[in-house]
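Below is one structure, written out as structure tokens, with a few remarks after it.
Please treat every number below as a calculation from the coordinates, not as lab data. Keep in mind that what you see is a predicted model, and the values were worked out from it rather than measured. Cβ placement follows ideal geometry from the backbone for every residue including glycine, while neighbour counts extend to all protein chains displayed.
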Number of protein chains: 2
Amino acid sequence: MRRSKKERQSLLVQTIKETPFITDEELAEKFSVSVQTIRLDRLELSIPELRERIKTVAKKTLEDEVKSLPIEEVIGEIIDVELDSSAISMLEIMPEHVFKRNGIARGHHLFAQANSLAVALINDDLALTAKANIHFTSSVKLGERIIAKAKVMNIEEKSGRTTVEVSSFVQSELVFKGHFEMYRSKNK
Amino acid sequence: MRRSKKERQSLLVQTIKETPFITDEELAEKFSVSVQTIRLDRLELSIPELRERIKTVAKKTLEDEVKSLPIEEVIGEIIDVELDSSAISMLEIMPEHVFKRNGIARGHHLFAQANSLAVALINDDLALTAKANIHFTSSVKLGERIIAKAKVMNIEEKSGRTTVEVSSFVQSELVFKGHFEMYRSKNK
DNA sequence: GCGCTATTAAGACTAGGTACTAATAGTAGT
DNA sequence: ACTACTATTAGTACCTAGTCTTAATAGCGC
């Protein structure tokens with residue numbers, strides 16, 4: 001069935017978006033026009049040729065693979081630690097930390113920064129988080145840097161159970177506050 | 001510098017693995033041999049041509065995208081959701097989730113599973129965590145599967161603020177319990 | 001020099017295009 | 001009906017990054 005030029009072109013855009021691996025010949029058949037018409041359409045709509053389309057898709061994959069490797073491992077960069085006393089770390093919010101819809105950082109990354117800082121702060125091989133009480137006071141956006149400051153509030157003599165307060169800031173604004181209770185395997 | 005055939009071929013395999021977007025001509029220059037030699041090498045080693053290599057990389061991306069669309073930004077695999085009511089997800093603890101020293105899962109991964117499940121549970125485009133009260137009741141080890149169960153406890157009429165309880169289990173043992181208070185942009 | 005492997009070259013062909021020129025079909029305005 | 005204009009189609013030369021095939025040459029062991 002023949003359609004108008006406009007109609008065909010908007011369908012063309014959609015078709016290529018859905019199935020990017022389609023050749024001009026297949027498109028010509030699909031829309032019952034000549035291959036030349038399809039090529040004129042692509043020219044007008046600035047849609048690159050099949051092989052270029054495939055290449056950009058493939059490039060995206062490679063970039064993603066490189067990116068997704070180190071992310072899970074490192075949660076912020078430790079700037080300063082005084083064991084069993086206080087510690088500071090910094091985390092820059094990158095695209096992989098945010099909700100795609102609104103560019104707001106997902107809560108668990110703020111938590112992860114604070115939690116790993118609390119763990120690093122404790123002078124023990126086997127520190128674990130037991131409880132936490134956390135508060136997200138303001139949303140953090142793509143590109144912002146979070147500075148998390150952790151402070152040991154109390155170490156119980158017998159059990160070694162340690163209370164840590166973590167406050168995270170973007171510039172001077174408080175974005176996260178957490179109260180952590182940590183286990184440790186050996187007493188201090 | 002010229003190398004023996006064997007040496008060149010093993011380097012060729014490695015080079016193509018690292019930089020799959022390399023043409024025969026570039027490879028020929030790199031190894032100081034003719035294009036034909038590179039083609040004979042690829043033939044012997046059953047390495048497909050550049051365009052085929054790009055295509056397979058791109059196909060992988062598309063498959064991944066299809067896969068990651070419904071799960072989108074959830075940590076763990078969603079098993080069941082009833083919006084604004086309850087949801088269940090599963091997370092298998094892999095080497096990247098644990099402390100290397102003792103094979104125990106880092107707390108923030110349990111939190112991330114619970115937090116993203118609470119977000120996914122809410123029938124709103126813009127759900128955010130406001131507060132959380134969490135408790136790590138037992139340590140989870142490498143290879144174990146965590147089943148997180150989330151339940152909406154209360155939705156405030158005016159603000160839409162939603163209370164979610166998440167309990168996570170390894171088999172029948174409770175490993176994590178969290179009380180989440182969530183914002184939403186539009187009221188229900 | 002003979003035999004062998006490795007390498008290089010040359011030619012014909014392929015897919016999936018680009019770039020350009022030119023012809024034709026169909027429709028609207030006057 | 002004639003003209004103007006857009007849309008479509010056709011055809012040619014050229015491109016990249018190959019394939020497949022045949023053939024020539026280089027280097028080495030013995």
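Which of the residues spanning segment A:1-12 are within 12 Å of DNA strand C (Cβ to nearest atom) and not in a helix (DSSP H, G or I)?
A:Arg2, A:Ser4
Please tell me if B:Ser139 is polar (S, T, N, Q) and within 11 Å of chain A (Cβ to nearest Cβ).
So B:Ser139 fits the description; yes.
Looking only at segment B:13-45, filter to residues that are within 14 Å of chain A (Cβ to nearest Cβ) and of a type in the set (Val, Ile, Thr); which one of those is farthest from DNA strand C (Cβ to nearest atom)?
The selected residue is B:Thr19.
Test B:Ile134 against the criterion of being more than 13 Å from chain A (Cβ to nearest Cβ) and either in contact (Cβ under 8 Å) with a residue 12 or more places away in the chain or among the basic types (Lys, Arg) (or both), and give yes or no.
So B:Ile134 fails the test.
Could you list, in sequence order, the residues of segment A:103-129 that are assigned to a loop (DSSP other than H, G, I, E, B) and not aliphatic (A, V, I, L, M)?
A:Gly103, A:Arg106, A:Asn123, A:Asp124, A:Asp125
Any idea which of (1) part of a loop (DSSP other than H, G, I, E, B); (2) closer than 15 Å to A:Arg106 by Cα is the one B:Ser139 doesn't satisfy?
(2)
Filter segment B:14-24 for residues that are loosely packed, with under 14 Cβ neighbours inside 10 Å and touching a residue at least 12 places away in the same chain (Cβ under 8 Å) and give the result.
Correct list: B:Thr23 only.
For segment A:46-62, what are the residues that are within 12 Å of DNA strand C (Cβ to nearest atom) and not basic (Lys, Arg)?
Passing the criteria: A:Ser46, A:Ile47, A:Pro48, A:Glu49, A:Leu50, A:Glu52, A:Ile54.
Identify all residues within segment B:78-102 that are in a loop (DSSP other than H, G, I, E, B), more than 9 Å from chain A (Cβ to nearest Cβ) and surrounded by 15 or more Cβ atoms within 10 Å (Cβ to Cβ); write none if there are none.
B:Asp84, B:Ile93, listed by residue number.
Would you pick out the residues in segment B:30-64 that are loosely packed, with under 15 Cβ neighbours inside 10 Å, within 12 Å of DNA strand D (Cβ to nearest atom) and among the acidic types (Asp, Glu)?
Hits for segment B:30-64 are B:Glu44, B:Glu49, B:Glu52.
If A:Asn133 passes every condition in (1) surrounded by 18 or more Cβ atoms within 10 Å (Cβ to Cβ); (2) over 14 Å from the mean Cα position of the chain (by Cα); (3) closer than 17 Å to A:Gly178 by Cα but one, which one does it miss?
Here A:Asn133 meets the rest and fails (1).
Give the number of residues within segment B:146-177 that are touching a strand residue (DSSP E or B) at 6+ places or on another chain (Cβ under 8 Å), in a strand (DSSP E or B) and exposed (fewer than 14 other Cβ atoms within 10 Å of the Cβ).
3
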